[in-house]
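Working notes, beginning with the structure itself.
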């Protein structure tokens, strides 16, 4: 085989090794929460997914932290990915936490590569169910009164 043919075959072989990874990040992580809004005292489920060259990464160590509206760390720790590259951690929003926008940050390192991701959610005030029920009752009575007055106006002699 000539040296020129060998070089061409070698170049083609190297291209075949590189082509499957074009457009794919070597290491990536995504993060999400189970909802966008939470009340104080509720649990937030943080889920992360780690992929390398498009394939799930099992047994990766994922660091997470939860930051409040003043950028203070309210919770942190480590999670380990399963065979699908996923991991989850549930953390409570304390009754003394400030209302506003929170961020969930995750970071992973596999070999000499690192990746990170962030998602956000809101804490909102919750109204006691008795207050909601009372408000619904007031609205219903008001609508009934308007309906009665309207029916009375239509039933004129």
Seminar exercise, completed: residue 54 fails exactly one of (1) at negative phi; (2) modelled with pLDDT under 95, namely (1)
For this session: For residue 14, state whether it is at pLDDT below 95, surrounded by 13 or more Cβ atoms within 10 Å (Cβ to Cβ) and either outside any loop (DSSP other than H, G, I, E, B) or out of contact with any helix residue (DSSP H, G or I) (no Cβ under 6 Å at 6 or more places or on another chain) (or both).
Result: no
Exercise. Can you name the residue in the stretch 74-102 that is within 16 Å of residue 33 (Cβ to Cβ) and free of Cβ contacts under 8 Å to residues at least 24 places away in the same chain and is also surrounded by the most Cβ atoms within 10 Å (Cβ to Cβ) among such residues?
Worked result: 75
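Tally time: how many residues in the stretch 51-73 are assigned to a strand (DSSP E or B), surrounded by 13 or more Cβ atoms within 10 Å (Cβ to Cβ) and either over 17 Å from the mean Cα position of the chain (by Cα) or not assigned by TED's automatic domain parsing to the domain that holds residue 109 (or both)?
Going through the stretch 51-73 one residue at a time, the tally reaches 3.
The values are calculated or read from the model by the stated rules, or taken from the named source; none is laboratory data. From a predicted model like this one, the values you see are computed outputs, not experimental measurements. FYI the Cβ positions are ideal-geometry reconstructions off the backbone, even for glycines, and counts take in every protein chain you see.
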